[in-house]
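The values are calculated or read from the model by the stated rules, or taken from the named source; none is laboratory data. Fair warning: this is a prediction, and the values are worked out from it, not measured in the lab. FYI the Cβ positions are ideal-geometry reconstructions off the backbone, even for glycines, and counts take in every protein chain you see.
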Amino acid sequence: MITVIESSEIISYIILQAEMSLMTMEVPYRKIKTYAKYIESKREDIRVECDYISIDAFRCRFKQNMKFENGTIYIRDMQTLRPEVRRYLPSADITAILNSEDI
Amino acid sequence: MKRILDTVHGYIMINDELFYHIIDTKLFQRLRRIEQTSIRSVYPSARHDRFIHSLGVYHIGSLIVDHLKKEMSAKNYWGENETTMMVLYKSYLVACLLHDIAHAPFSHTFEEYYGTKDDLSAFLRKEVHNANFTSDLHYTNETDAPNYHEYMSAYVAHKEFANGMRAMQLDSEFVVRMITGVYYNKEKSTHQIHNCLISLLHGKIIDADRLDYACRDVWASGYSTSSIDLRRLVSAIHFEKNSDNEYVVCFESNSLNEIEGVLNVKDFQQKYVIHHHVIAYEQWLLVQAVETMAKYMYPTIQSSIEATRKIISKEAILKKLKIHKKNKELVVQNISDDDLVFLLKQVPDNSYYAQWASRKFTHGALWKSRDEFFHYFPGVDVTKDLKHADFDHDVIEALCADGTLTKSDIIIIPREFKKKVRLESLYLLVSNEVVRYTDIHHDAIDALENQTFYYVYLPKSNMDRAAWCSYKKRIIEKLKPVIASLYTK
């Protein structure tokens, strides 16, 4: 069965991988797309919805902490955001793929 | 000119050349055997198909064209000339007909098997073979990627209907752009009216496609929502210049109630119809049944997804699918719903198919809707998205803890309510001035978050209704601490 995941899962992963000391962060679309392509190349049963619409849907969940402009997500107040995005992480098997050093 | 009587729109008038080049072809007639929605398990009368939907979109497209024709000379053809406008209108109507030409069997259920969007985009790029299109397609893939069937429909339209479009002197690349929503970005200033027409088939708010299914799905299924005054809405459409001095599609502000009516139908469908627990379960069953069948047909292919992709493929749609099985050759041409069912019937002991075909479901949903879920778990914030990375793991662990259930007994199906309506792209004509909807309703821009919801299905094990209800109650009590820990931390 093919599972469709959203860019929200990749963005959450990137946020939670960032250094704990970071207060602000910029995530370019290119980086999210690279991760999406990597997942799709490793798992034929996964499709990743990864366009600006999908990213904007995620931004709307955290409108106080995120802006999405010119193909880059601008994140502030990372400390409050971190615990909030934890539940949007991908499943453990996809996280394991993203943890791989090839990416 | 021929007339086709449609129960939704009345008579649909279509030129003979469109019958000759498009409608009376194997690929277009195939749409008679592709169901429009997946909701028949709950709404049995929803037997409408992609064929009549495509004609309906054409009809609404022709209403829009007739309306625009009335004002084009007064508007000096919006900077184009009459001949160009006639080609654009005709191309628009052909795109209306062809917009779903390569829908997979059972509509959206199998479209992801066509391949990744990157792969489909590459096919299309190669087929159209034009530098500006390639660049604009790349931009669209990033900003608002087409659906899987849209890439495939555009590919099939360009590849298989090229001669017909040439004979009718149409711009086939423009048709591809309308099917996929690839706006002219590089040559934006010289293609403003082209872009207006793209948005009237592949818009983010109101377009001919959305208008037809909003009317047709409601009519065919029998559920009731507010009615849509199509003619009033169409007559409110204008091409006007916005503050950037670009022509955009705008609607007279007094048509807002009609626009909201269309958007409400979509919301209603998402909330109560498309994500109904029986529809979700039946779609899941069908996918499992087809993957099981594909593995049976192609035993040397390890992966069931790869095997299924042999059956749900552009080759199967365009040509013949030949499967050699036990000294027999099964041949399927221009695959449709019927062919998929035929292939399913060839497989002995496909328990998923047996369930799907008989509707004797082995599993039942613990809660039947979002409302029921929130009733059972009152601590959960009803406004919050329920997506949670640990949902499957924690629920399965809790349910299997006492050993009465195993992981394989539990089916968890996530459903996502997506708001794809981009209200910032809605332009209104207020006192002869073009304004964005979001300039008036500022909050609308931030109201687009997706809402994920999970159904959990457990074996009913021949329990009668009363026994099943009390079993469900016990299970839900067991899940209360798990759900609380997931959502009320």
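Some observations on this one:
- Among the residues of the range B:146-171, those that are crowded, with 22+ Cβ neighbours inside 10 Å and of a type in the set (G, A, S) comprise B:S153, B:A154, B:A157.
- Among (1) in contact with a strand residue (DSSP E or B) (Cβ under 6 Å, 6 or more places away or on another chain); (2) modelled with pLDDT under 90, the one test that B:H442 misses: (1)
- Scan the range B:378-401 for residues that are touching a strand residue (DSSP E or B) at 6+ places or on another chain (Cβ under 8 Å) and away from chain A (no Cβ under 14 Å) and the total you get is 1.
- Only one entry of B:S91, B:S121 meets the criterion of being in contact with an Asp or Glu (Cβ under 7 Å, 6 or more places away or on another chain) and assigned to a helix (DSSP H, G or I), and that entry is B:S91.
Here is a yes/no grid of residues against (1) assigned by TED's automatic domain parsing to the domain that holds B:L201; (2) part of a helix (DSSP H, G or I); (3) out of contact with any Ser or Thr (no Cβ under 8 Å at 6 or more places or on another chain):
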| site | (1), (2), (3) |
| --- | --- |
| B:K69 | yes, yes, yes |
| B:T84 | yes, yes, yes |
| B:P105 | yes, no, no |
| B:R125 | yes, yes, no |
| B:P146 | yes, no, no |
| B:A157 | yes, yes, no |
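- B:K368 exposed (fewer than 14 other Cβ atoms within 10 Å of the Cβ) and either in contact (Cβ under 8 Å) with a residue 12 or more places away in the chain or not assigned by TED's automatic domain parsing to the domain that holds B:F51 (or both): yes
- Residues (over 20 Å from B:V341 (Cβ atoms) and either surrounded by 19 or more Cβ atoms within 10 Å (Cβ to Cβ) or hydroxyl-bearing (S, T, Y) (or both)) located in the range B:281-304: B:T300, B:S303
- Answer residue from the range B:25-43, given it is out of contact with any Pro (no Cβ under 8 Å at 6 or more places or on another chain) and β-branched (V, I, T) and is surrounded by the fewest Cβ atoms within 10 Å (Cβ to Cβ) among those: B:T25
- Of note, B:G261 does not satisfy the criterion of being on the phi > 0 side of the Ramachandran plot and either within 14 Å of chain A (Cβ to nearest Cβ) or surrounded by fewer than 20 Cβ atoms within 10 Å (Cβ to Cβ) (or both).
- Cβ-Cβ under 8 Å pairs, at least 6 apart or on other chains, the range B:65-87 side farther than 24 Å from B:R231 by Cα, far side in a helix (DSSP H, G or I) and modelled with pLDDT of 95 or more: B:G79/B:Q192; B:G79/B:I193; B:E80/B:L88; B:E80/B:I193
- Meets criteria (of a type in the set (S, T, Y) and not in a helix (DSSP H, G or I)) for B:Y113: no
- A:N99 meets each of the listed conditions (1) at pLDDT below 95; (2) within 11 Å of another protein chain (Cβ to nearest Cβ) apart from (2).
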